[in-house]
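Mind having a look at this structure? Questions to follow.
The values are calculated or read from the model by the stated rules, or taken from the named source; none is laboratory data. Note that this is a predicted model, so its numbers are computed, not measured. Please note: Cβ atoms are built from the backbone with ideal geometry, for glycine as well, and neighbour counts cover all protein chains shown.
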């Protein structure tokens, strides 16, 4: 992995778009516009008894958005970790937008990209195992 000068601003603008979409979704869920607040249950878990890898993801996102990071990680560690990474990415984008000489991009080689994809799959599998064990009752 290397940090190189920014050649394309899209990596710096994407966090703004994701943040706006995330805040809109968070607001809609908090207001009960997407589904009633009492039904924050995983449909796969309700109908099959098997938890999905993102079981508790909505509750984790709501806790994260409310600032309760401990509860967010208890609800779903993978979703809370992803939200933390996105928050750091947003902060980096804000700094790079404010200070043009600090604009940098992270580049990865094809081999590093494969390692990152395998790591993501392992995290997803680990999260799924964690959720299945946690909901096994």
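Determine whether region 19-31 contains at least one residue that is surrounded by 10 or more Cβ atoms within 10 Å (Cβ to Cβ), more than 28 Å from residue 129 (Cα to Cα), in contact with a strand residue (DSSP E or B) (Cβ under 7 Å, 6 or more places away or on another chain) and touching a residue at least 24 places away in the same chain (Cβ under 8 Å). Outline the logic, then answer.
Of all residues in region 19-31, those surrounded by 10 or more Cβ atoms within 10 Å (Cβ to Cβ) come to 19-30.
Retained after the next criterion (residues that are more than 28 Å from residue 129 (Cα to Cα)): 19-21, 23-24, 27-28, 30.
Those left that are additionally in contact with a strand residue (DSSP E or B) (Cβ under 7 Å, 6 or more places away or on another chain): none.
No, because not a single residue in region 19-31 is surrounded by 10 or more Cβ atoms within 10 Å (Cβ to Cβ), more than 28 Å from residue 129 (Cα to Cα), in contact with a strand residue (DSSP E or B) (Cβ under 7 Å, 6 or more places away or on another chain) and touching a residue at least 24 places away in the same chain (Cβ under 8 Å).
Can you spot a residue in region 34-45 that is closer than 19 Å to residue 132 by Cα and at pLDDT 80 or above? Steps first, answer last, please.
So in region 34-45, the residues closer than 19 Å to residue 132 by Cα come out as 40-45.
Filter once more, so that each one left must be at pLDDT 80 or above: none.
Looking through region 34-45, none of the residues is closer than 19 Å to residue 132 by Cα and at pLDDT 80 or above.
While we're here: Filter region 59-69 for residues that are in a helix (DSSP H, G or I) and surrounded by fewer than 22 Cβ atoms within 10 Å (Cβ to Cβ) and give the result.
If we filter region 59-69 for residues that are in a helix (DSSP H, G or I), which is where we start, we get 59-65, 69.
Once the filter is applied, which keeps residues that are in a helix (DSSP H, G or I) and surrounded by fewer than 22 Cβ atoms within 10 Å (Cβ to Cβ), region 59-69 yields 59, 62, 65, 69.
From the list 108, 70, 58, pick out the single residue that is under 30 Å from residue 12 (Cβ atoms) and modelled with pLDDT of 85 or more. Before you say what the answer is, go through the steps one by one.
Numbers: 70 fails: under 30 Å from residue 12 (Cβ atoms); 58 fails: modelled with pLDDT of 85 or more.
From the options 108, 70, 58, the qualifying one is 108.
Any residue at all in region 103-116 that is touching a helix residue (DSSP H, G or I) at 6+ places or on another chain (Cβ under 6 Å) and either farther than 30 Å from residue 136 by Cβ or surrounded by fewer than 11 Cβ atoms within 10 Å (Cβ to Cβ) (or both)?
Residues of region 103-116 that are touching a helix residue (DSSP H, G or I) at 6+ places or on another chain (Cβ under 6 Å), as a first pass: 103, 105.
The next check asks that each one be either farther than 30 Å from residue 136 by Cβ or surrounded by fewer than 11 Cβ atoms within 10 Å (Cβ to Cβ) (or both); those that pass are 103, 105.
Looking for residues that are touching a helix residue (DSSP H, G or I) at 6+ places or on another chain (Cβ under 6 Å) and either farther than 30 Å from residue 136 by Cβ or surrounded by fewer than 11 Cβ atoms within 10 Å (Cβ to Cβ) (or both), one finds at least one in region 103-116, hence yes.
While we're looking at this one, here's another question. Just one of 72, 82 is assigned to a helix (DSSP H, G or I) and in contact with a helix residue (DSSP H, G or I) (Cβ under 6 Å, 6 or more places away or on another chain); which is it? Break it down into steps so the answer makes sense when it comes.
Values: 82 fails: in contact with a helix residue (DSSP H, G or I) (Cβ under 6 Å, 6 or more places away or on another chain).
Checking each option against the conditions leaves just 72.
Restricted to region 40-58, and to residues that are part of a loop (DSSP other than H, G, I, E, B), at negative phi and in contact with a helix residue (DSSP H, G or I) (Cβ under 8 Å, 6 or more places away or on another chain), which residue is surrounded by the most Cβ atoms within 10 Å (Cβ to Cβ)?
Of region 40-58, the ones part of a loop (DSSP other than H, G, I, E, B) are 40-42, 49-56.
Checking which are at negative phi leaves us with 40-42, 50-55.
From what is left, the residues that are in contact with a helix residue (DSSP H, G or I) (Cβ under 8 Å, 6 or more places away or on another chain) are 40, 50-55.
On the way: 40: 14, 50: 14, 51: 22, 52: 17, 53: 19, 54: 19, 55: 25.
Only one residue tops the list, namely 55.
Residue pairs, Cβ under 6 Å, 6 or more apart or interchain, first in region 90-116 and free of Cβ contacts under 8 Å to residues at least 60 places away in the same chain, second surrounded by 11 or more Cβ atoms within 10 Å (Cβ to Cβ). List them.
102/96
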